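Throughout, read-outs are computed from the coordinates displayed, never taken from laboratory work. If you're wondering where the values come from, they're calculated on a predicted model, not measured in any experiment. Methodologically, a virtual Cβ is constructed for each residue, glycine included, from the backbone with ideal geometry; neighbour enumeration extends over all protein chains shown.
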Amino acid sequence: MIIIWGTRSKAKILGITAPQICQHCGNLVQNEVIRVMRWFTLFWIPIFPFSIKYHLACPICKNDRPVNKAEAESAIIER
């Protein structure tokens with residue numbers, strides 16, 4: 001019997017932040033608040049999430065920085 005297991009990531013944009021200057025490209029942007037969930041899969045079916053991380057990403061240069069859940073939730077101004 002063969003058992004196929006692995007992991008897969010799913011990213012979701014939760015909202016945007018107030019305008020601020022990107023530290024990487026220097027543009028005035030509204031960063032995207034992104035949640036990335038890593039799932040354990042069995043036969044390519046997601047079974048349960050084992051890692052949840054939050055990032056603020058620049059929509060222009062795509063540079064991102066990790067933040068914790070509280071920072072991510074407080075940064076969102078629009079959903």
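Only one entry in Lys53, Lys10 is within 14 Å of the chain's Cα centre (by Cα), loosely packed, with under 12 Cβ neighbours inside 10 Å and not in a loop (DSSP other than H, G, I, E, B), namely Lys10. In the set (1) more than 26 Å from Ile76 (Cα to Cα); (2) in contact (Cβ under 8 Å) with a residue 60 or more places away in the chain, Ile2 fails one condition alone, (2).
Residues in the stretch 59-79 that are outside any strand (DSSP E or B) and under 22 Å from Gly26 (Cα atoms): Pro59, Ile60, Cys61, Lys62, Asn63, Glu71, Ala72, Ala75, Ile76, Ile77.
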